[in-house]
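One structure is given below, encoded as structure tokens.
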Amino acid sequence: MAATLAALVRPALLRTARSCQGVRVFSNGTPVLSNENKEPAQAKFFPPLMNAMLPPDAFKGKVAFITGGGTGLGKGMTTALSRLGAECVISSRKLDVLKQTAEEITSLTGNKVHPLQCDVRDPESVKKAVAELIKVAGHPDVVINNAAGNFISPSERLSANAWRTITDIVLNGTAYVTLEVGKELIKAGKGAAFLAITTIYAESGSGFVVPSASAKAGVEALCKSLAAEWGRYGMRFNVIQPGPIKTKGAFSRLDPTGAFESLMLKRLPCGRFGTPEEIANLATYLCSDYASWVSGAIIRMDGGEYVFMAGEFNSLQKVTKEQWDIMEKMIRNTKGS
């Protein structure tokens, strides 16, 4: 039966592969996505909402610290928090980028955004940055660990330095920031909402991004552990696992040729990529007082990608009505089991 199913489905798969729109090929055979790629039809049912979900004063009088806040998702979350009244402090290694982002968001929202240079891989740099954070804005009410690094590579090509580069940023950096801020909050007798941004393959694992998968899984364990231990100090810890969101930084390292973009769209039941604004809405909710009873949660936000890839028979959606008619007759005629 399995062989028959495969024989029936395989031609459909081949026709689908041949008919992919918008894919061209380098002279060396590497597929590259052209600008002709279009979202699947079902995307029309799931339009993204870009406006803020929470009331405009939801974070009035609160301080938010966002690592990796100068670009991508970090910038999106900072913008949302600032719109909702927060005084934001953003950090990364690139002070020039931070300053530009801080000025841009402040001019947009009218609320102060402080740029703060910090290398999360270095405990001393983190210690100095946290001290400066408290000096310029006060103890934070919100801490978002968003700084990350990643690239695709066969694992047999990884050097010790390559492994260390990713795990130092993702796992060690998150731990250094969380522990340093947490200790200061405990001394001050103040609570806070912590949020970490991981990925859906922190749960499943994934080849070709093994350092990132390992480090992100460690971040999730850190957050769940501290949710249990540090709740007594007034701290909450939650995690968002984003699916594919087309930001320049992520896609330039994970899909440098553009070859996989159309494939990713085809495995998204919602038919489109996510947006930074959608992640920002979930992030602001989890860090707000509306979520004061949410701690230790890991929330997947991926347009259904994880469950689509996990389901053993989900690829059968490529089977045509005529092929289903044939298979139904075969199944009905099957005697015994």
- Item | Greater than 24 Å apart at Cα, pairs in 99/135; 112/187; 135/183; 128/224; 112/190 | 112/187; 128/224
- Item | Order of exposure, largest accessible area first, which applies to 114, 139 with probe 1.4 Å | 139, 114
- Query: For 289, 122, 302, what's the largest-to-smallest order of accessible area, 1.4 Å probe?
  - Reply: 289, 122, 302
- Could you give the spread of the C-alpha atoms of the stretch 144-244 along their three principal axes, from largest to smallest, in whole angstroms? 47, 25, 19
- Query: If you roll a 1.4 Å probe over the stretch 100-184 with all protein chains in place, what percent of the accessible area is carbon or sulfur?
  - Reply: 49
- Hey, what's the per residue convex hull volume over the C-alpha atoms of the stretch 29-138, in cubic angstrom? 162
- Applying 1/(1 + (r/R0)^6) with R0 = 45 Å to the Cβ-Cβ distance of residue 157 and residue 107, what FRET efficiency is obtained, to the nearest 0.05? 0.55
- Message: Please compute the Kirkwood hydrodynamic radius over the stretch 230-321, one decimal place, Å, based on all pairs of different Cα atoms.
- Response: 15.5
- Calculate the dipole size of the stretch 172-240 relative to its Cα centre from +1 charges on Lys and Arg beta carbons and -1 charges on Asp and Glu beta carbons; express the result in debye to the nearest 20. 240
- Query: Rolling a 1.4 angstrom probe over the protein heavy atoms, how many square angstrom per residue are accessible across the stretch 79-200?
  - Reply: 45
- Once the principal axes of the Cα atoms of the chain are found, what is the range along each, listed largest first in whole angstroms? 74, 48, 40
- Separation of the residue 51 and residue 317 label points, Cα + 7 Å toward Cβ, nm: 3.0
- Go ahead and set up a Gaussian network model of the chain, Cα springs under 10 Å, then flag whichever of 221, 283, 148 fluctuates most. 221
- Note on the structure: Between residue 300 and residues 5 or more places away or on another chain, the pairs with built amide H atoms under 5 Å apart involve 241
- Rank these residues by their accessible area, most exposed first, probe 1.4 Å: 230, 163, 293. 293, 163, 230
- Task: Let me know the charge dipole size of the stretch 268-337 about its Cα centre in debye, to the nearest 20, where only the beta-carbon of Lys, Arg (+1) and Asp, Glu (-1) is charged.
- Result: 480
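The values are calculated or read from the model by the stated rules, or taken from the named source; none is laboratory data. In this text, all values refer to a predicted model and were calculated from it rather than measured experimentally. Reconstructed Cβ throughout: ideal geometry from the backbone, glycine too, with neighbour counts over all protein chains shown. Just the protein is used for accessible areas: all its heavy atoms, side chains included, with ligands, DNA and RNA removed. Shrake-Rupley method; radii C 1.70, N 1.55, O 1.52, S 1.80 Å.
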